[in-house]
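The values are calculated or read from the model by the stated rules, or taken from the named source; none is laboratory data. Keep in mind that this is a model prediction, so the values were computed, not measured. Don't worry about glycine lacking a Cβ; one is built from the backbone with ideal geometry, like all the others, and counts go over all protein chains shown. To get the accessible areas, we keep the full protein, side chains included, count just its heavy atoms, and leave off ligands, DNA and RNA. Shrake-Rupley method; radii C 1.70, N 1.55, O 1.52, S 1.80 Å.
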Amino acid sequence: MIKTDILIIGAGPTGLFTVFEAGLLKLKCHLIDALAQPGGQCSEIYPKKPIYDIPGFPEVLAGDLTKNLLEQGKQFEPGFTLGERADTIEKLEDGTFIVTTNKGTKHHAPVVAIAGGLGSFEPRKPKIDNLEFYEDKGVEYFIKDPEVYRNKKVVISGGGDSALDWSIFLADIASEVTLVHRRNEFRGALDSVEKVRELKLLGKINLVTPAEVTTIHGNQNVEGVTIEKEGENILLEADHFIPLFGLSPKLGPISNWGLEIEKNAIKVDTLDYQTNIPGIFAIGDVNTYEGKLKLILCGFHEATLMCQSAYKIINPGKKYVLKYTTVSGVDGFDGSRKEAPKAVVQAIN
Ligand SMILES: Cc1cc2nc3c(=O)[nH]c(=O)nc-3n(C[C@H](O)[C@H](O)[C@H](O)COP(=O)(O)OP(=O)(O)OC[C@H]3O[C@@H](n4cnc5c(N)ncnc54)[C@H](O)[C@@H]3O)c2cc1C
């Protein structure tokens, strides 16, 4: 059982900034995300796009914003459960919560902050009989740790950036990489397409187009796949089959948690972004209220106010006096200390 003060569902920009604001209040956070990496939409959909409306940053790449948020929160030692979807919630008699993921990992916290954005990103799956049987037995929809594929035979299917980029990356790690796509043309970045064609000429990627994986073989684990290419069946040995057909967001199981939902978003009180269930908050793109804007800076504001109420729930009767970080400095949980400049402290005192 993972125990924490604030359990954050969703490691997008809103969830990541919550770690910092909670840390200032000496509250510890743990984040669950269905994706294999933190950053939410910023890292999954547009990591290389510049954002122009983050206060203080005239221009910042979405991927760099994620990196900076992780760096800013690092001193408060957040925990992560990645590649797992929060599925069920149980309220205990003492008012605390247990959240369980689709992989059975249990988390216990007095406060739950849903920062689930558009919902958990679910992989689009190809229509293949028995696909589910081979999940985690050689069929994977995300690549969490490329080392898993060292010296293995890997079949990747898809025509976008993910399929191209991972084929290129794994060409140096796996013993054999086969990229299968149902068209001859790819949707991904031009330089990635060129690189794949280059690696094909060097014999480092086996490119099969226009074709589709139609069957998976193997007793317990994936041992091979059948690829249909222009009416012909090709049987190929494989240890892993990785369909990378993109992700679609779904509010999913959270919509069954008894929360008030309006147009696929969670209704909140704008006082502190608490939902209709005391102790459960919803912040960032996942919530709705009059005048709601789905912007990163709005998520940051909501996270900040939410943490104040979380503090009161976790420390009943204790008063918190807001202090500027320029005055108080920042005490990390890892023993680090960022001092407030003496001149500022003197000027304010
Ligand atoms: C192309 C594009 C450009 C954009 N440009 C801008 C811009 O210029 N400026 C701006 O302010 N905003 C922009 N946005 C919007 C911005 O990205 C969102 O407002 C922001 O990402 C919301 O952050 P979030 O943390 O609330 O949610 P998200 O970033 O959506 O993250 C939510 C996370 O929660 C996870 N999750 C959800 N449910 C579960 C569950 N049950 N279990 C586990 N994990 C779960 C998801 O996997 C996801 O990683 C843009 C969006 C797009 C798509």
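Give me D for the stretch 253-349 in µm² s⁻¹, whole number, from Stokes-Einstein with Rh from the Kirkwood sum over alpha-carbon pairs, 4 °C and 1.567 mPa s.
Translational diffusion coefficient: 82 µm²/s.
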Q: Starting from the Cα of residue 98, step 7 Å along the direction of its Cβ; do the same at residue 245; then give the gap between the two resulting points in nm.
A: 3.6
Q: Within the chain, what's the longest run with no chymotrypsin sites (Phe, Trp or Tyr not before Pro) in a DSSP loop and at most 11 other beta-carbon atoms within 10 Å? Give the range, please.
A: 53-323
Q: For the stretch 105-225, take the alpha-carbon Rg, divide it by the Kirkwood Rh, and send me Rg/Rh.
A: 1.04
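Out of the trypsin sites (Lys or Arg not before Pro) in the stretch 43-87, which ones are loop residues according to DSSP with at most 14 other C-beta atoms within 10 Å?
Of the trypsin sites (Lys or Arg not before Pro), the ones in loops of the stretch 43-87 whose Cβ has at most 14 other Cβ atoms within 10 Å are 48.
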Q) What does the accessible area per residue of the chain come to in Å², with a 1.4 Å probe and no ligands, DNA or RNA counted? A) 51
Q: Mind listing the long-range amide H neighbours of residue 266? Cut-off is under 5 Å, sequence gap 5 or more, other chains count too, H placed in the peptide plane at 1.01 Å from N.
A: 287, 288
Q.
As an exercise, find the ratio Rg/Rh for the stretch 1-90 from alpha-carbon atoms, using the Kirkwood inverse-distance average for Rh.
A. 0.99
Q | Share of carbon and sulfur in the accessible heavy-atom surface of the chain [1.4 Å probe, %] | A | 51
Q) Considering only 313, 14, 162, whose Cα is most displaced toward the positive end of the charge dipole of the chain, charges sitting on Cβ of Lys, Arg (+1) and Asp, Glu (-1)? A) 313
Q. Taking a quarter of the surface of the Cα convex hull of the chain, what do you get in nm²?
A. 21.4
